[in-house]
1. When residues of the range 52-84 are filtered for being in a loop (DSSP other than H, G, I, E, B) and open to solvent by 60 Å² or more (accessible area, probe 1.4 Å), how many remain?
2. When the residues of the range 26-51 are filtered to those that are farther than 19 Å from E68 by Cβ and exposed (fewer than 15 other Cβ atoms within 10 Å of the Cβ), which remaining residue is modelled with the lowest pLDDT?
Amino acid sequence: MEEAAGRGQTGGMCRSIKTLRPPALPEEATEEEIRAAALQFVRKVSGFRAPAAHNREVFDRAVDAITEATAELLAGLEVRGAPARKAG
């Protein structure tokens, strides 16, 4: 995955992980955006941009778990003042 130029750290948070809910995004986050944020989180926590072969499975499982948890979080959030979400 490509990373945007000029990304780094601010206040201890990795800037490449962005807010994934409206109104920060004009629409709901895509599965790709959620997975990209999960990947950035796992990279930051593990300290590895890409894991060695012997760590690949656990790294990928962590990305999968965080992707799922993030999607569940975003689906359950109620943002006051935001338009009601479409049932789907």
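The values are calculated or read from the model by the stated rules, or taken from the named source; none is laboratory data. On a predicted model such as this, the values are computed, not experimentally measured, just so you know. Ideal geometry is used to build each Cβ from the backbone, glycine not excepted, and the neighbour counts take in all protein chains shown. For the accessible areas, the whole protein counts, side chains as well, though only heavy atoms, and no ligand, DNA or RNA atoms are used. Shrake-Rupley method; radii C 1.70, N 1.55, O 1.52, S 1.80 Å.
1. Qualifying residue count, the range 52-84: 6.
2. Once the filter is applied, the top-ranked residue is P26.
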